[in-house]
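The values are calculated or read from the model by the stated rules, or taken from the named source; none is laboratory data. Computed from a prediction, not measured in an experiment: that's the story for all the values here. FYI the Cβ positions are ideal-geometry reconstructions off the backbone, even for glycines, and counts take in every protein chain you see. Note: accessible area is taken over every heavy atom of the protein model, side chains too, but ligands, DNA and RNA are not part of it. Shrake-Rupley method; radii C 1.70, N 1.55, O 1.52, S 1.80 Å.
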Amino acid sequence: SLLKKYNKKKMLKNEEKRQQKYGDYLIEKRNKITQIKHNQHQILVENYPEPKYIQNIIVQRKRNLWERQIESEDFLSVRVGVGTIPLKINLQYSVEDFTMSEDNLKQKLEQTAETAKDITNCPVTINLAERNKLVLIGEKQYKETMLKSMILQLATYQAYNDLKLVFMINEPQGDMWE
């Protein structure tokens, strides 16, 4: 009948409009999340640069030399590598436990939320103030490189009046410190 065709056409048009509007909304949210990811990544890269750049901070006496004080949130935090870390954002969206029909927009929302969880290729850090022990396992050259990098970071960023480093070395490992 004519009324059914009209209603069906109207319903299809409304569904198309719903798909378009929600799709645009999700694109806007993805762009915002991407910007947040980029900003967090940049902050971490600036605060925890590669070890090869740390020497310049000391030699050129840059503003971030000895900037971390005992009250600082990042006091005794050091970079230990690069990897994937959780995005620091409180992402909230409604999740239905049960529905009678499948909705592709719900799947798009879940995909958007899933891709927003992590930042890749980002400095990975540990906070030594939160640990009373740290064990480095691996080949000697890699352990020594990691240890030297951590010591360099501690000496560079921690305020000299807040951190004192004391080394007790066995004679056989003394060659590393020369």
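Label-to-label distance, ARG30 versus GLN111, with points set 7 angstrom from Cα along the beta-carbon direction: 0.7 nm. Checked against a 25 Å cut-off, the cross-linked pairs LYS29/LYS117; LYS62/LYS140; LYS29/LYS52 give Cα-Cα distances beyond that limit for LYS62/LYS140; LYS29/LYS52.
Averaged per residue, region 95-164 has 72 square angstrom of accessible surface, using a 1.4 angstrom probe with ligands and nucleic acids left out.
Put a plus charge on the Cβ of each Lys and Arg, a minus charge on the Cβ of each Asp and Glu, and nothing anywhere else: the dipole of region 45-92 about its Cα centre is then about 200 debye. Taking the accessible area of the chain, probe 1.4 Å, and keeping the other protein chains in place, the carbon and sulfur fraction comes to 52%. For region 1-109, the set of GluC sites (Glu not before Pro) satisfying both a DSSP loop assignment and a count of at most 13 other C-beta atoms within 10 Å is given as GLU71, GLU73, GLU96, GLU102.
Stretching ASN104 away from HIS38 to a fully extended chain increases their span by 21.0 nm, per 0.36 nm per residue minus the current alpha-carbon distance.
For the chain, the share of DSSP beta bridges that are antiparallel, to the nearest 5, is 90%. From helices alone, the chain scores -16500 deg cm²/dmol at 222 nm; the rule is -39500 (n - 2.57) for each run of n ≥ 4 DSSP H residues, then divide by the residue total. In the full protein context, region 23-78 carries 72 Å² of accessible surface per residue, based on a 1.4 Å probe and ignoring ligands, DNA and RNA.
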